[in-house]
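Here the structure is laid out as structure tokens; the discussion comes afterwards.
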Amino acid sequence: MRVVDEFRPNAILLSSGFDAHRRDPLGGMGVTEQAYGEITKRIVEAAQRHAAGRVLSLLEGGYDMEGLAASVDEHVRALA
């Protein structure tokens, strides 16, 4: 977030892929749906500080349907 605060963007665009989820068969990472929600929350807070709350999220990757659904749910809730 330090870099975002230094840059002070006018808007934040997110490429919101969820293939790093712990259940994803291809990602090999351990990100939980709660972590995706927290990441999104921090991005929204930065957008409120610098970009009048402007965030555009483009949903993409994720190959475990259960993990993807839970992660997108957390993401969208944090955006709201």
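Laboratory data are not the source of any read-out in this text; all were calculated from the coordinates shown. The model shown is predicted, which means the values in this text are computed figures rather than measured ones. Because the Cβ atoms are built from the backbone with ideal geometry, glycine has one as well, and the counts that use them run over all protein chains shown.
Residues ILE12, ILE39: which one is buried (at least 17 other Cβ atoms within 10 Å of the Cβ) and either in contact (Cβ under 8 Å) with a residue 12 or more places away in the chain or at negative phi (or both)? Spell out how you get there, then give the answer.
On the way: ILE39 fails: buried (at least 17 other Cβ atoms within 10 Å of the Cβ).
The unique qualifying residue is ILE12.
Collect the residues in the stretch 23-33 that are out of contact with any strand residue (DSSP E or B) (no Cβ under 6 Å at 6 or more places or on another chain) and either among the hydroxyl-bearing types (Ser, Thr, Tyr) or surrounded by 11 or more Cβ atoms within 10 Å (Cβ to Cβ) (or both), keeping them in residue-number order. Quick ask: steps written out before the conclusion?
Step one: of the stretch 23-33, the residues out of contact with any strand residue (DSSP E or B) (no Cβ under 6 Å at 6 or more places or on another chain) are 23-30, 32-33.
Hits for the stretch 23-33 are ARG23, ASP24, LEU26, GLY27, GLY30, THR32, GLU33.
Of the residues examined, GLY62 is not one that is farther than 21 Å from LEU13 by Cα, crowded, with 16+ Cβ neighbours inside 10 Å and in contact with a Gly (Cβ under 9 Å, 6 or more places away or on another chain).
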